[in-house]
Amino acid sequence: MLILTLAPSSLLAAEPLVVYSGRAERLIKPVLDVFTKETNIPVQLLTGSSTQLVNRLEAEGPHTPADVYLTNDAGTLERAHELRLLKPLQIEGIEQMVPQAFRAADNSWIGLSGRVWIIVYNTSMINPEQITSILDLANPKWKGKLAIPNAGSEYLQAGVSVISAVQGETITEAFLKGIRDNAENSVYGQSSQIVDAVAKGKVGLGLVNHYYIYRYLADHPKAPIAPLLTDQKKGEMGLIMNATGIGVLTHTKRLKEAKSLVQFLISRTGQQMFSERNKEYPIRPTVKADPALPPRKSFRVAQVPLARLAELREPTMLLIERSGLR
Amino acid sequence: MTARSWRQGFFSPLSLFALTIACTLAFPLFYVGYSAFSAKGAVWQRLWSTRIPELLFNTVTLAIGVGATTLIIGVALAWFVTRYDFWGRRVWEWAIVLPLAIPSYVLAYIYTYLLETGGFIEQGWQWMMGAEARIFSPYSFGGAWLVMTLNTFPYIYLLARAALQNVNLSFEEAAQALGATRWQTLTRVSLPLIRPSLVAGLFLVTLYVVSDFGAVSLLRFQTFTYAIYQQMTSRYDYAAASILSLLLVVFAFLFLIAERWFRQRSRFFQTGGHIRMKSPKPCGMLPTLLLTAFMLMVFGAAFGIPVFLLIHWTWAAWNVGEMGSGFLSYIWNSAMLSGTAASIAIVVGTPLAFLASRYPTRFNLLYLQGAYTGYVLPGPVAALALLTLFTQNLPFLYGTALVLILAYLIHFLPAGLQAMESAIQQVNPNIEEAARSLGRHALSSFWQVTFPLVRGGFIVAWILMFLQAMKELPATLLLRPVGFDTLSVRIWLEASEELYQLAAPPALLIILITLPVVLLLTKKNWQTT
């Protein structure tokens, strides 16, 4: 047994497809199980944080056991692309199925679902008309009434990147300092904690990924929380949308199987399952989102190509550090 | 060259072996040093002006705070159970060690749950103090202090208790015969006598506090390890993480040197005569009540309440049918890995500890210090260094459990070395020299004379390393072979998704598996066997 575990993992099983996933096991495993059932291709999953996995892939280089990289931040996918870790894919009809902004220029990564970084508010504490832009959260009148994610959160980093791409660094820095002061000690590691704090009235406002609101409402249908769709007026930037996506690694020896996983996830059934489990927006505009969500056509999103998130990461991190977010 | 100088010299087989081990153990440090110094000056400057003063202050104050409280709690507990006879003493004697079985990140989570706004404890507090009363946030110095103290005081307790049982009774009797009170006997006679053990305990606690990653991450308290982890998980290069790691190692090194200096000054051997067990003083009703209340409070906070909650959550998960499968393989993976790592550590640690205790030349001490660096080098960074080493140079071994075992060795050997070294130091070298003068070869004198005397200390070392390896997280996360999950990885995966009911079963299992091992620690007084 000792020898078995010491042996390289490639010798162990009947060559499963190895997926590195930045997405929680609970959300992705059921979908992969269906894939295995339909195609007879066994899958082995290794989950971790998106950024750490891309760093790991870089260090592993050609020796990586992984065939596929699946993650919840388009910036890290683009980073993997820049490091030439991902293989450009030829999939028929992909241009029609997935909008340009949600895939790499050479299709080396492909978006699977969309998530909106949004304000959640307590409906019995806050009058939603007082906030029309995400930037309003920096207003001192919300002091002690706001919950924010901590500086290590990938959502926060992606959100800040989009804001600074549209509004410039000066406005973004003022915004960050404002929300830092307003949040005081309400800095959380998880979006679900923020939603919980808002629902219980510890704070009135929070910054989260939209699906946490619906996940919470599914368990507590009477919770006084709702999303605030900001920045929708003409000339305003729109909501901040990031994508989960998938790429096939350059060094894979199982290109055919890896490609069939991508095709499965982008197919109608795959899309439905993948986005429904987490209440995200399917990347294919023709696949309907969960009826509990505001329809995708009812709001506008910021026009910052997700591929830019990679190059924006370092300046964004400096900005976040300079503003004193922790 | 005489035989003796050959044995002690740089080129003796033993020294070469020690050198090889020390180099392997220090490899991650070289790697971190290299990447820190190849970082741009701007990165250094940025860290220096924005982060380092705060991190340094937080880390040092946390270490001092935890050191002070664990010292007080640990010594008090040890003094009570060795010097007083009260109802339940035999049970408390081992029950107090149980908190060692709880991983720091599990305890941290439980306290975030207990101390949250509007939580349990706050409601109780408001019931007493009025609706506006607030308790401190767990996401603060106070939270980290509390959790770390509750997690580490048994180290001090164990070492203090063993030492107090070993103190030659005549000293305390002489003091009391001369009219000293019990308090005076404790502070003027017993405590100074057990000082080496207390220093060793404080050393363990401090290194634990500065290197722990799980608790500070969950409590989001900005110490070096947490900042390093944040830098590693949010940046695409490791320059900042390497610089912070290197600084942490430098500070720890200064601390190590101070500790060693202190220990040199206060080295004791048991002088002749036999050691009689002190018979504890029987207690009346009131002292028994007070002592029991104190024991209950410490035990409840560090073990009772957390385990109760875990059982409660596991039960809830069981009832909704959400218990995952595959627990048998997680248990096997955890136990096999930790057991192998601890056993290898004993084998490779022996020459280091032996050389440093018996022939404390500059080189031999340097090897030992080299080995200690692994303990403070933050887990995620050390793991990354190994990942790079293996993928670049030994790709055929990459992705095997071997890499993980090496990571455990690097990280936990120091904890074992500490125990092994003090065990060897307690053996009077005269005994070995007697064996040698009777014609025994060095190796056989160690095996036949020294080893039986230090066996107890070595078992303690094995247990300490096994325990910590079972609970290890960052290196396991990064280096585990694909499809090879351990209990700690399962806890983390579920807990980081906030699925605490699902994180509870593996947490409970870790505790259950480590309990018997922890109990071994208390079963006898290993130091003297």
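The values are calculated or read from the model by the stated rules, or taken from the named source; none is laboratory data. All values reported here derive from a predicted model rather than from experimental measurement. Cβ sites come from the backbone with ideal geometry, for glycine too, and all protein chains shown count toward neighbours. Only protein heavy atoms, including side chains, enter the accessible area calculation; ligands, DNA and RNA are left aside. Shrake-Rupley method; radii C 1.70, N 1.55, O 1.52, S 1.80 Å.
A few notes on this one:
- The separation of region B:46-73 from region A:239-254, counted between C-alpha centres, amounts to 40 Å.
- Considering all C-alpha pairs of chain B, those separated by over 45 Å amount to 15%.
- Cα gyration tensor shape of chain A, rounded if a/c is under 1.5, else prolate or oblate by comparing a/b with b/c: prolate
- For the protein assembly as shown, fraction of C-alpha pairs farther apart than 40 Å, in %: 41
- Helix runs (DSSP H) in chain B reaching 27 Å along axis by Cα, Kyte-Doolittle at least 0.5: B:13-37, B:52-83, B:141-166, B:239-265, B:327-358, B:401-426, B:451-471, B:500-523
- Short to long, the 5 Å bins of the Cα pair-distance histogram for region B:36-124 hold 2, 10, 10, 12, 14, 15, 13, 9, 6, 4, 3, 2, 1 percent of all pairs.
- Where only alpha carbons of region B:323-405 are counted, the Rg and the Dmax (Å): 16.6, 55
- Region A:96-194 pair-distance distribution - Cα-Cα, 5 Å bins, rounded %: 2, 11, 18, 22, 18, 11, 8, 6, 3, 0
- Shown for region B:322-366: residues covered by the partner protein chains by 20 Å² or more of accessible area relative to the chain by itself (probe radius 1.4 Å), namely B:TRP332, B:MET336.
- Enclosing the Cα atoms of region B:93-241 in their convex hull gives a volume equal to 161 cubic angstrom per residue.
- Axis angle, to the nearest 10 degrees, between helix A:255-266 and the longest C-alpha principal axis of chain A: 30 degrees.
- Interface between chains A and B: roughly 4200 Å² of accessible area buried, both sides summed (probe 1.4 Å, protein heavy atoms only).
- Against the rule of thumb 2.2 N^0.38 Å, how large the Cα Rg of region A:194-326 comes out: 1.28
- GNM flexibility winner over chain A from A:VAL31, A:VAL262, A:VAL195 (Cα, springs under 10 Å): A:VAL31
- The residues neighbouring B:SER334, those whose beta-carbon lies less than 14 Å from its own, together hold a net charge of +1 under the Lys/Arg +1, Asp/Glu -1 convention.
- Comparing mean-square fluctuations of A:ASN185, A:ASN242, A:ASN40 from a GNM of chain A with C-alpha springs under 10 Å, the top value falls on A:ASN40.
- Averaging 1/r over each pair of different alpha-carbon atoms in region B:286-441 and inverting the result gives 20.1 Å, the Kirkwood hydrodynamic radius.
- Between B:LEU296 and A:GLU92, the C-beta separation translates, for a Förster distance of 51 Å, into a calculated FRET efficiency of about 0.15.
- Å² per residue, accessible surface of the protein assembly as shown at 1.4 Å: 41
- By a 1.4 Å probe calculation restricted to protein chains, B:TRP462 has an accessible surface near 80 Å², given to the nearest 10.
- The modelled label-to-label distance between A:GLN272 and A:ARG300, using points 7 Å beyond Cα along the C-beta direction, is 3.3 nm.
- Protein-protein interface of region B:483-502, residues with accessible area decrease of at least 10 Å², isolated chain reference, 1.4 Å probe: B:GLY483, B:PHE484, B:ARG490, B:LEU493, B:SER496, B:GLU497, B:GLU498, B:LEU499
- In this label model, B:LEU56 and B:TRP127 are separated by 4.7 nm, measuring between points 7 Å along each Cα→Cβ vector.
- Heavy-atom accessible area order for A:THR123, B:THR388, A:THR71, largest first, 1.4 Å probe: A:THR123, B:THR388, A:THR71
- Residues whose amide H lies under 5 Å from that of A:VAL18, counting only those 5 or more places away or on a different chain, are A:GLN44, A:ASP67, A:VAL68; hydrogens are built 1.01 Å from N in the peptide plane.
- Cα centroid of region B:287-324 to Cα centroid of region B:117-151, whole Å: 18
- For chain B, the fraction of 1.4 Å probe accessible surface lying on carbon and sulfur atoms is 70 percent.
- Residues with amide H under 5 Å from that of A:THR47, placed H, sequence gap 5 or more: A:SER21
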